[in-house]
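Colleague: Pasting a structure here, questions to come.
The values are calculated or read from the model by the stated rules, or taken from the named source; none is laboratory data. Keep in mind it's a predicted model, so treat the numbers as computed, not measured. Positions of Cβ are backbone-derived with ideal geometry, glycine not excepted, and every protein chain shown enters the neighbour counts.
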Amino acid sequence: MSGRFTALVKKEVLVLTRDWHGLMVLFLMPAAFILIMSMAMENAFSDHNSVSISYTVLNQSGEDLPPRLLDKLKSIPGFHMVDLPTNSQLSDVKSGIVRGDFQLAVVIPADFRKRLIKTVRDDHSTLPPAASLQLAPGVKPYIQQIFSASLGAILVRQKIAWMLNSNPNAPPVVSQSTLDQFGQLKIAEHYVYSENKPELHTPNAVQQSVPAWLVFAMFFVIIPLSTVFIIERQQGTLLRLRLMNLSPAPILFGKLIPYFFVNQIQMLVMVGIGIIIVPLLGGQQLSAPHSISGLIIISSACSLAAIGFALMVATFVNTTMQATTIGGVVNIIFGALGGIMVPKFIMPETMQTLTYFSPMSWGLEGFLDVFLRNTGWQEVLPEALYLSTFGIVCITIATYRFNREF
């Protein structure tokens, strides 16, 4: 009995050592995932390194801001101040947000001092905001809340300083009524969609999550496509097609079309879930895309990239286990690098550069343009071009590989 058991154990060890793809799942994928996610999240938990959640300050008051106020703004944990060129206007700030130079901007109004020390009226709603905050639509709500709370606390301290200094005879004690006034500071918040478009609705979490997981899901077409491809190769179906004088191109393109429609159905289902199902469960509703044409363009390009990559992998592997292993590992790495799991703007600068090597990053930016930034179809063309080029290159490699094999 012990001899049989030993033989069984030996057999399993041999199978395991020969299955290097399975070992890769057990070791390489978690190692790569830990490395990428640790580097990507470095800024979120570091108190010592400079971060890439950048913001700027536009001073429209006509007078220099108090040095202490500026020092406090520059010391907000987790944020980095970007200096504006001299004589910058609000339009320049909005352009910078659209370009991605910074994610937030504090706008100090012309009558800043007057607004800050203004006495509270019975109707609190008539008080003008002490400052305004311009935000990129992609800024996560918790980041906006942290920054807004920090900014409010800084402005309250400045209000105290100015109110006490305005009356030299005032005792260095703040009355309860004065403290009540401090709590009434307002900070207006505006989302910048483009330089020429007015503020639309406030972005919600669904608008930020649906595009990310839609791209991630579309690329996982690699598993069913490569599995079918390998089964057809093992059963001799592909060889018989080649013996019928069919060239590799039509055989591969014949697989592209049905899976293209599968991707489009994925897109419709996930958008429908965001619009219909999520609100029924108590969540926020996904807003309809601003440009249907833009949605079709970016969805088609993303599908071409995903299917092209799947075909390329399918022509290089020999078993379904290899296909699912390699496809799953690479897709997860693409997702981690591409901003699917961690927002790109909180990554270190080096990691932000690496995101451009992930096709999921291009797809995510295109879907965010349509669902979050409310841009037109023209704005998604660069991302669609990158995705289409990636897909065509992958299909070309797959065709060459398939032609050599059969």
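Colleague: Tally the residues that are exposed (fewer than 15 other Cβ atoms within 10 Å of the Cβ) and modelled with pLDDT under 80, restricting the search to segment 38-76.
Modeller: Going through segment 38-76 one residue at a time, the tally reaches 9.
Colleague: Regarding SER287, is this residue assigned to a helix (DSSP H, G or I) and within 18 Å of VAL370 (Cα to Cα)?
Modeller: No, not satisfied.
Colleague: Another one. In segment 354-368, which residues are touching a residue at least 60 places away in the same chain (Cβ under 8 Å) and either more than 17 Å from SER388 (Cα to Cα) or surrounded by fewer than 24 Cβ atoms within 10 Å (Cβ to Cβ) (or both)?
Modeller: LEU368
Colleague: Might you check whether a residue that is free of Cβ contacts under 8 Å to residues at least 24 places away in the same chain and under 18 Å from the mean Cα position of the chain (by Cα) occurs anywhere in segment 289-311?
Modeller: Among the residues of segment 289-311, not one is free of Cβ contacts under 8 Å to residues at least 24 places away in the same chain and under 18 Å from the mean Cα position of the chain (by Cα), which makes the answer no.
Colleague: Tally the residues that are among the hydroxyl-bearing types (Ser, Thr, Tyr) and over 21 Å from TYR356 (Cα atoms), restricting the search to segment 384-406.
Modeller: In the first step, residues of segment 384-406 are kept if they are among the hydroxyl-bearing types (Ser, Thr, Tyr); the result is 386, 388-389, 396, 399-400.
Filter again for over 21 Å from TYR356 (Cα atoms), leaving 396, 399-400.
The total comes to 3.
Colleague: What's the number of the only condition in (1) charged (D, E, K, R); (2) in a helix (DSSP H, G or I); (3) modelled with pLDDT under 80 that LYS114 fails to meet?
Modeller: (3)
Colleague: Quick check on segment 321-335. Is at least one of its residues touching a helix residue (DSSP H, G or I) at 6+ places or on another chain (Cβ under 8 Å) and at positive phi?
Modeller: Checked segment 321-335: no residue is touching a helix residue (DSSP H, G or I) at 6+ places or on another chain (Cβ under 8 Å) and at positive phi.
Colleague: If you take the residues of segment 78-92 that are within 20 Å of LYS140 (Cβ to Cβ) and in contact (Cβ under 8 Å) with a residue 60 or more places away in the chain, which of them is surrounded by the most Cβ atoms within 10 Å (Cβ to Cβ)? Steps first, answer last, please.
Modeller: Residues of segment 78-92 that are within 20 Å of LYS140 (Cβ to Cβ), as a first pass: 78-82.
With in contact (Cβ under 8 Å) with a residue 60 or more places away in the chain added as a condition, the list becomes 78-79.
Working: GLY78: 16, PHE79: 21.
If we take residues in segment 78-92 being within 20 Å of LYS140 (Cβ to Cβ) and in contact (Cβ under 8 Å) with a residue 60 or more places away in the chain, then PHE79 is surrounded by the most Cβ atoms within 10 Å (Cβ to Cβ).
Colleague: For the structure I just gave you, tell me whether THR389 is in the same structural domain as VAL210 (by TED's automatic domain parsing), of a type outside the set (A, V, I, L, M, F, W, C) and either within 23 Å of ILE97 (Cβ to Cβ) or in contact (Cβ under 8 Å) with a residue 24 or more places away in the chain (or both). Steps first, please.
Modeller: Working: in the same structural domain as VAL210 (by TED's automatic domain parsing): yes; of a type outside the set (A, V, I, L, M, F, W, C): yes; either within 23 Å of ILE97 (Cβ to Cβ) or in contact (Cβ under 8 Å) with a residue 24 or more places away in the chain (or both): no.
Considered against the rule, which asks whether it is in the same structural domain as VAL210 (by TED's automatic domain parsing), of a type outside the set (A, V, I, L, M, F, W, C) and either within 23 Å of ILE97 (Cβ to Cβ) or in contact (Cβ under 8 Å) with a residue 24 or more places away in the chain (or both), THR389 comes out as no.
Colleague: Next up: Among the residues of segment 323-353, which ones are farther than 21 Å from ALA217 by Cα and part of a helix (DSSP H, G or I)?
Modeller: Initially, segment 323-353 is screened for residues farther than 21 Å from ALA217 by Cα, giving 345-353.
Scanning segment 323-353 gives PHE345, ILE346, GLU349, THR350, MET351, GLN352, THR353.
Colleague: Can you give me the number of residues within segment 348-391 that are under 17 Å from ASN263 (Cα atoms) and either in contact with a strand residue (DSSP E or B) (Cβ under 9 Å, 6 or more places away or on another chain) or not aromatic (Phe, Trp, Tyr) (or both)?
Modeller: The number of residues fulfilling the criteria is 9.
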